[in-house]
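This report concerns only the one structure given below.
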């Protein structure tokens, strides 16, 4: 089930809101949890079993870390001392949580990748008879990259003393499974909403802002991301394109992935507000960045801060010398690329960003960015991001390299590539790309636009929603890009 579907908008969401509103406060967590399990298990009920397994492990790990075994149910849970000494039991409980979550993620996300590379090595050395081929293949559960990171953050936060353990299993299951951000984020860390899980307000103003978030997010997806995706798909799937068409295609993809993912995040934040939760901002005009370092402060903020707090800093951050800092940045971004997908393309994408982060850190105030005017710094950063997006979008590493060569004019387009122009340069696509660019570079963020809702804003939001619904009825199944991650 996807947010941008008639099933969700006209049936699931109204029914869920009605049940939630009519249920007494004591039962709201259970209703939201059951609705979330129904939402997640709609495609495959077995996915729910996997998520439930992860939930149970982390729930008991949290109790063990907080040393809450045998304590009275209603006794307040006190957070551990920040930085204090931990017992062997606590360390084992944390290790169990981390190993379990990473094992689930590693098996379901990277098993097929490992098999493909194993077979490739055997072909290279002439041992084809030992190949696994398609004997074993694993289906990737939706959202596993997100909820494993989210669930892990609970155990780590309790261990560090940043949060209190949750004694109520239903409330903890609600945290892990909340359908608004379950499948494609943002990654909600436990310490951010621990108090909201127990005490949150439900107001008309909060609900209205949530509805506005949802409507604008739907508009981003249907009105901008999907048309830009058609342009990008046409160019990337063509197999051969000239330099102009290649740039046209990758710019369209840059807009597609931004509006697709930020649109999902807006809808998730909006749904959270409807149920009384306030989630953190996940995007902050990333294409206005004037360096790659700034880009990662603005793009997928929940992931970049998660990687910083749970990977970069534990590796030593910038506290162990310049060389170690650069290595840490590169390692974190390589793993961040691998988190996005089990393919060498994503490793290269992460490597490009990690290399740029290390380079900018090494140059410091002498960075070549600082010697350029602001607009040129913005343009240069955007071009670097575009080249990196090629590796994110292309189906194979060879295809990505060929596409980059086409962008640089280093390859000869096939004769049939001339037909691309007749498909791409239509008024509808030109207008869509122009509108996307205007929104990206000039429009306020949804977070700021919805802070105060005037009559004029409500009219515009309603218009966006109505047009989106009309176009949605004409489109087929259109899942969000990050569903595959």
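The values are calculated or read from the model by the stated rules, or taken from the named source; none is laboratory data. Just so we're clear, the structure is a prediction, and the values are computed from it rather than from any experiment. Because the Cβ atoms are built from the backbone with ideal geometry, glycine has one as well, and the counts that use them run over all protein chains shown.
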Members of region 13-22 that are under 20 Å from residue 470 (Cβ atoms) and either touching a helix residue (DSSP H, G or I) at 6+ places or on another chain (Cβ under 7 Å) or surrounded by 15 or more Cβ atoms within 10 Å (Cβ to Cβ) (or both)
13
I'm told residue 482 meets every condition in (1) under 22 Å from residue 295 (Cα atoms); (2) at pLDDT 90 or above; (3) in a helix (DSSP H, G or I) except one. Can you identify the failing condition by its number?
(2)
Scanning region 427-441 for residues that are over 19 Å from residue 216 (Cβ atoms) and surrounded by 16 or more Cβ atoms within 10 Å (Cβ to Cβ), the one modelled with the lowest pLDDT turns out to be 429
Having 3 or more residues that are over 17 Å from the mean Cα position of the chain (by Cα), free of Cβ contacts under 8 Å to residues at least 60 places away in the same chain and within 25 Å of residue 187 (Cα to Cα) is the bar; report the helices (runs of 4 or more DSSP H) wholly within region 281-376 that clear it.
322-340, 344-363
Anything in region 201-234 that is surrounded by 17 or more Cβ atoms within 10 Å (Cβ to Cβ) and more than 22 Å from residue 438 (Cα to Cα)? List them, or say none.
206, 207, 209, 210, 211, 234
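Does residue 192 qualify as being surrounded by fewer than 20 Cβ atoms within 10 Å (Cβ to Cβ), at pLDDT below 90 and in a helix (DSSP H, G or I)?
Answer is yes for this residue.
Here is a check on your reading of the model: is residue 452 outside any helix (DSSP H, G or I) and either out of contact with any helix residue (DSSP H, G or I) (no Cβ under 8 Å at 6 or more places or on another chain) or outside the structural domain of residue 259 (by TED's automatic domain parsing) (or both)? Quick ask: steps written out before the conclusion?
Numbers: outside any helix (DSSP H, G or I): yes; either out of contact with any helix residue (DSSP H, G or I) (no Cβ under 8 Å at 6 or more places or on another chain) or outside the structural domain of residue 259 (by TED's automatic domain parsing) (or both): yes.
Criteria met by residue 452.
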Taking region 9-27, which residues are in contact (Cβ under 8 Å) with a residue 24 or more places away in the chain and closer than 15 Å to residue 197 by Cα?
20
Selection from region 230-243 of residues under 14 Å from residue 429 (Cβ atoms) and free of Cβ contacts under 8 Å to residues at least 24 places away in the same chain yields 233
Is it fair to say residue 119 is in contact with a helix residue (DSSP H, G or I) (Cβ under 7 Å, 6 or more places away or on another chain), surrounded by fewer than 18 Cβ atoms within 10 Å (Cβ to Cβ), over 24 Å from residue 87 (Cα atoms) and at pLDDT below 90?
no
Would you check if residue 212 is modelled with pLDDT of 95 or more and in a helix (DSSP H, G or I)?
yes
